[in-house]
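Colleague: Quick one: structure below, then a few questions.
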Amino acid sequence: MGTDIHGFIECRTWTPGLDVGETAWVAAISLKMLVGRDYEAFECLFGIRRSGHWRPIAADRGLPQDASEIAKAGLAEWGEAAFGVTWLNWDEVTAIDWDEPALHPTNVAQYRQLPDQSLELVYRSVWSRRFARVSGVDTLTVDPYQVAVLWDEGTEWKDRDTVFRVERATRRLAVPPDSLWHGVWTVMRTLAHIHGDDAVRLVAWFEQ
């Protein structure tokens, strides 16, 4: 069963109905217009569909008391189907160390060994009969999402010109700068440039 993200990027600003100088959180754009299913990012950022690979940035914080009315109504529509309700400020996003490694090995990468002995990446994460054969892993009993934790980081197997290596991803690999999250960060950055870093956040929840 798939997991989807819902929510809004919010901005704290003046809006009709407020006194001069007053501000409130306003929904700027729906997250559904910017990003879809991205399980690695969901876990890395929000602790959703946990495999234990990451220390999430903003997990299960709940709905902010001062959330926009649109966000409150959007969450209410999902009722008990919604889970993992949380929020993430823009200034927290700018503080993320994208080079921070996962808590333990996350994947087995497949490389092609070139004539000069250098390695060319073929797949960042592989789960194949060939890998099972050279590593001895039992594909019938081992969870492919947990296979990397069976060995130390850097463990390798070589099969002719193919090299399999146990690796540990960084946050940058879990949430690549050229992924759909680039659009989320771009919108938040633009609003923060106008309204301030502490006046922009995303409010999110999930359903499956």
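Colleague: Cα-based Rg of the range 152-208 per 2.2 N^0.38 Å, rounded to two decimals?
Modeller: Normalised Rg, Cα atoms only: 1.86.
Colleague: Another question, if that's okay. Given the convex hull over the Cα atoms of the range 131-183, what projected area results after averaging over all orientations, in nm²?
Modeller: 5.0
Colleague: Same structure, new question: Compute a Gaussian network model of the chain, connecting alpha carbons closer than 10 Å, and tell me which residue from VAL122, VAL187, VAL20 fluctuates the most.
Modeller: So, out of VAL122, VAL187, VAL20, the one fluctuating most is VAL20.
Colleague: Also: Simple spin-label model, 7 Å along Cα-to-Cβ: GLU80 to ASP116 in nm?
Modeller: Placing both labels 7 Å along Cα→Cβ, they lie 6.2 nm apart.
Colleague: Near the amide H of VAL26, under 5 Å away, which other amide H atoms are found, from residues 5 or more places off or on another chain, if H is placed in the peptide plane?
Modeller: Excluding prolines and chain starts, which carry no amide H, the hits are CYS11, ARG12, THR13.
Colleague: Calculate one ³J(HN,Hα) per residue across the range 121-133 by plugging θ = phi - 60° into the Karplus curve 6.51 cos²θ - 1.76 cosθ + 1.60, and present them in order as whole Hz with x for glycine and proline.
Modeller: 5, 9, 9, 5, 9, 10, 8, 9, 4, 5, 5, 4, 5
Colleague: Kindly provide log₁₀ I(q)/I(0) values, in the same order as q = 0.14, 0.20, 0.21, 0.26 Å⁻¹, from the Debye equation applied to equal alpha-carbon scatterers of the range 1-66.
Modeller: -0.56, -0.89, -0.94, -1.17
Colleague: Heavy atoms of the protein only, probe of 1.4 Å, neighbouring chains included. What is the accessible area of TYR123 in Å², nearest 10?
Modeller: Rounded to the nearest 10, that gives 120 Å².
Colleague: Under 10 Å, Cα contacts only: if you run a Gaussian network model on the chain, which one of THR141, THR162, THR190 comes out with the highest mean-square fluctuation?
Modeller: Answer for the Gaussian network model of the chain: THR141.
Colleague: How large, in Å, is the range 88-157 by the Kirkwood hydrodynamic radius built from its alpha-carbon pairs?
Modeller: About 14.5 Å for the range 88-157.
Colleague: Right, something else. So what is the 222 nm mean residue ellipticity for the chain from helices alone, if each DSSP H run of at least 4 adds -39500 (n - 2.57) and you divide by all residues, rounding to the nearest 500 deg cm²/dmol?
Modeller: -6500 deg cm²/dmol
Colleague: State to the nearest 20 debye the size of the charge dipole of the range 1-92 about its Cα centre, where the only charges are +1 on K and R beta carbons and -1 on D and E beta carbons.
Modeller: Magnitude of the dipole: close to 300 debye.
Colleague: Over the chain, what is the relative contact order in whole percent, taking alpha-carbon pairs under 8 Å and six or more residues apart?
Modeller: Reported relative contact order: 31 percent.
Colleague: Further question: Over all alpha-carbon pairs in the chain, figure out the percentage whose distance exceeds 21 Å.
Modeller: Pairs farther apart than 21 Å: 60 percent.
Colleague: How many angstrom separate the Cα center of the range 141-204 from the Cα center of the range 21-75?
Modeller: The two parts, judged by their Cα centres, are 17 Å apart.
Colleague: Please list LEU180, LEU34 from largest to smallest accessible area, probe radius 1.4 Å, with all protein chains kept in place.
Modeller: From most exposed to least exposed: LEU180, LEU34.
Colleague: Could you tell me which of LEU103, ALA82, LEU18 has its Cα farthest along the dipole of the chain towards the positive end, charges placed at Cβ (Lys, Arg +1; Asp, Glu -1), taken about the Cα centre?
Modeller: It is LEU103, whose Cα lies furthest towards the positive end.
Colleague: Ok, one more. Taking the chain as a Gaussian network, Cα atoms linked when under 10 Å apart, which of ILE70, ILE48, ILE194 shows the biggest mean-square fluctuation?
Modeller: ILE194
Colleague: How far, in nm, would the chain grow between ASP60 and MET1 when pulled straight, counting 0.36 nm per residue and subtracting the alpha carbon separation?
Modeller: Taking 0.36 nm per residue and subtracting the Cα distance, the gain is 19.2 nm.
Colleague: Need one word for the range 64-103: rounded, prolate or oblate. Basis is the Cα gyration tensor (sqrt eigenvalues a ≥ b ≥ c); a/c below 1.5 gives rounded, then a/b vs b/c decides.
Modeller: oblate
Colleague: Determine the order of LYS32, LYS158, LYS72 by accessible area, beginning with the largest, at a probe radius of 1.4 Å.
Modeller: LYS158, LYS32, LYS72
Colleague: Then there's this: Extending each Cα 7 Å along its Cβ direction at ILE70 and TYR123, get the distance between those two points in nm, one decimal.
Modeller: According to this spin-label approximation, the distance is 4.2 nm.
Colleague: The range 88-208: Rg/Rh from Cα coordinates, Kirkwood Rh?
Modeller: Rg divided by Rh gives 1.12.
The values are calculated or read from the model by the stated rules, or taken from the named source; none is laboratory data. Owing to the predicted nature of the structure, the values given are computational and were not obtained by experimental measurement. Methodologically, a virtual Cβ is constructed for each residue, glycine included, from the backbone with ideal geometry; neighbour enumeration extends over all protein chains shown. We work out accessible area using only protein heavy atoms, side chains counted, and drop any ligands, DNA or RNA first. Shrake-Rupley method; radii C 1.70, N 1.55, O 1.52, S 1.80 Å.
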